[in-house]
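K.L.:
Take this structure, written in structure tokens, and hold onto it; I'll ask about it next.
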Amino acid sequence: MKKIVGVFITLLVFGCKAQHTGGGGTLHETLPLTTKRYEVPNGAYLKDTQNYMDKFTGTWNYSSGNISFTIVLLKKEEIFNNHYYEDLLIGEYKYVENTTEIINTLLEINSNNLQGRYHNISGNYILLTNDSYLPCNSCSQNEKRFYLHFKDPERDYLDVSMILRYLPNETSPEKIKVKIIPVDGVILPTENSPIETRVPYGEYVLEKQ
């Protein structure tokens, strides 16, 4: 009888290791961020099990000539997206040119009115190798980069992506490389609508503050 009870307890412990207690106290499967999105069942938890996001969090600044670009990134855990729970990188930013503040959404980083993917920077998709989407010749073979959504709230008809790369050999201070790129196939609301976010498309190297 003792052996049977022991086996039952062992199975119970190991069976619960990869589960997550979500809304209503129901146990759900926990999956790593590298899981293909179509393989994530409703109610599961897409978790940053390897803490890939942690090194990207904080305040980062780019300054060159008359341009200043500041990004604040936070890691938010267990955000429900109407299908499953997920860990997200969310962020807001400020862009200044010739001492003129072109755009500043930094106050929205802790806003109660914005949650999860409604932030102007958000996402959790990992580029697993250096030859993934937008190949990186200077990246090591299995270096992990993040592919996020980037939004200009005054031009939210634009479909724009942000690629984040943590520079491994830059530690004093830490640095990230940010690439902001448009996605093809956008429908402009009017013929004369701007075709670029107020932060110019391109590549920026930001230092941690």
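The values are calculated or read from the model by the stated rules, or taken from the named source; none is laboratory data. Here the structure is a predicted model, which is why all the values come from computation and not from measurement. Methodologically, a virtual Cβ is constructed for each residue, glycine included, from the backbone with ideal geometry; neighbour enumeration extends over all protein chains shown. Note: areas computed on protein heavy atoms with side chains; ligands, DNA, RNA excluded. Shrake-Rupley method; radii C 1.70, N 1.55, O 1.52, S 1.80 Å.
K.L.:
Can you confirm whether S132 is open to solvent by 70 Å² or more (accessible area, probe 1.4 Å) and hydroxyl-bearing (S, T, Y)?
P.N.:
Values: open to solvent by 70 Å² or more (accessible area, probe 1.4 Å): no; hydroxyl-bearing (S, T, Y): yes.
Against the criterion (open to solvent by 70 Å² or more (accessible area, probe 1.4 Å) and hydroxyl-bearing (S, T, Y)), S132 does not qualify.
K.L.:
Filter the stretch 73-93 for residues that are aliphatic (A, V, I, L, M) and open to solvent by 30 Å² or more (accessible area, probe 1.4 Å); which is nearest to F150 (Cα to Cα)?
P.N.:
The initial filter retains those residues of the stretch 73-93 that are aliphatic (A, V, I, L, M), namely 73-74, 79, 88-90.
Filter again for open to solvent by 30 Å² or more (accessible area, probe 1.4 Å), leaving 74, 79.
On the way: L74: 14, I79: 18 Å.
Looking at the filtered set, the residue picked out is L74.
K.L.:
Would you say T70 is surrounded by 16 or more Cβ atoms within 10 Å (Cβ to Cβ) and in contact with an Asp or Glu (Cβ under 6 Å, 6 or more places away or on another chain)? Steps first, please.
P.N.:
On the way: surrounded by 16 or more Cβ atoms within 10 Å (Cβ to Cβ): yes; in contact with an Asp or Glu (Cβ under 6 Å, 6 or more places away or on another chain): no.
Judged against the criteria, T70 is not a match.
K.L.:
Please specify each residue of the stretch 140-165 satisfying the condition of being under 13 Å from the mean Cα position of the chain (by Cα), open to solvent by less than 60 Å² (accessible area, probe 1.4 Å) and under 20 Å from F69 (Cβ atoms).
P.N.:
R145, F146, Y147, L148, F150, S161, M162, I163, L164, R165, listed by residue number.
K.L.:
Given I67, I79, which one is closer than 20 Å to Y201 by Cα, touching a strand residue (DSSP E or B) at 6+ places or on another chain (Cβ under 6 Å) and not hydroxyl-bearing (S, T, Y)? First the steps, then the outcome.
P.N.:
Working: I79 fails: closer than 20 Å to Y201 by Cα.
The unique qualifying residue is I67.
K.L.:
Look at K55 and say whether it is closer than 20 Å to F150 by Cα, open to solvent by 40 Å² or more (accessible area, probe 1.4 Å) and touching a residue at least 40 places away in the same chain (Cβ under 8 Å).
P.N.:
Details: closer than 20 Å to F150 by Cα: yes; open to solvent by 40 Å² or more (accessible area, probe 1.4 Å): yes; touching a residue at least 40 places away in the same chain (Cβ under 8 Å): yes.
Judged against the criteria, K55 is a match.
K.L.:
Under 11 Å from the mean Cα position of the chain (by Cα), under 20 Å from K175 (Cβ atoms) and part of a loop (DSSP other than H, G, I, E, B) - does that describe any residue in the stretch 64-84?
P.N.:
We begin by selecting, within the stretch 64-84, every residue under 11 Å from the mean Cα position of the chain (by Cα); these are 73-76.
Keeping just the survivors that are under 20 Å from K175 (Cβ atoms) gives 73-75.
Then keep just the ones that are part of a loop (DSSP other than H, G, I, E, B); that gives none.
No: zero hits.
K.L.:
Identify the single condition in (1) in contact with a His (Cβ under 6 Å, 6 or more places away or on another chain); (2) open to solvent by 30 Å² or more (accessible area, probe 1.4 Å) that N137 does not satisfy, given that it satisfies every other one.
P.N.:
(1)
K.L.:
Does the stretch 87-104 include one or more residues that are β-branched (V, I, T), more than 22 Å from V205 (Cα to Cα) and under 14 Å from the mean Cα position of the chain (by Cα)? Break it down into steps so the answer makes sense when it comes.
P.N.:
Residues of the stretch 87-104 that are β-branched (V, I, T), as a first pass: 90, 96, 99-100, 102-103.
In the following step, the residues that additionally are more than 22 Å from V205 (Cα to Cα) were identified as none.
Looking for residues that are β-branched (V, I, T), more than 22 Å from V205 (Cα to Cα) and under 14 Å from the mean Cα position of the chain (by Cα), one finds none in the stretch 87-104, hence no.
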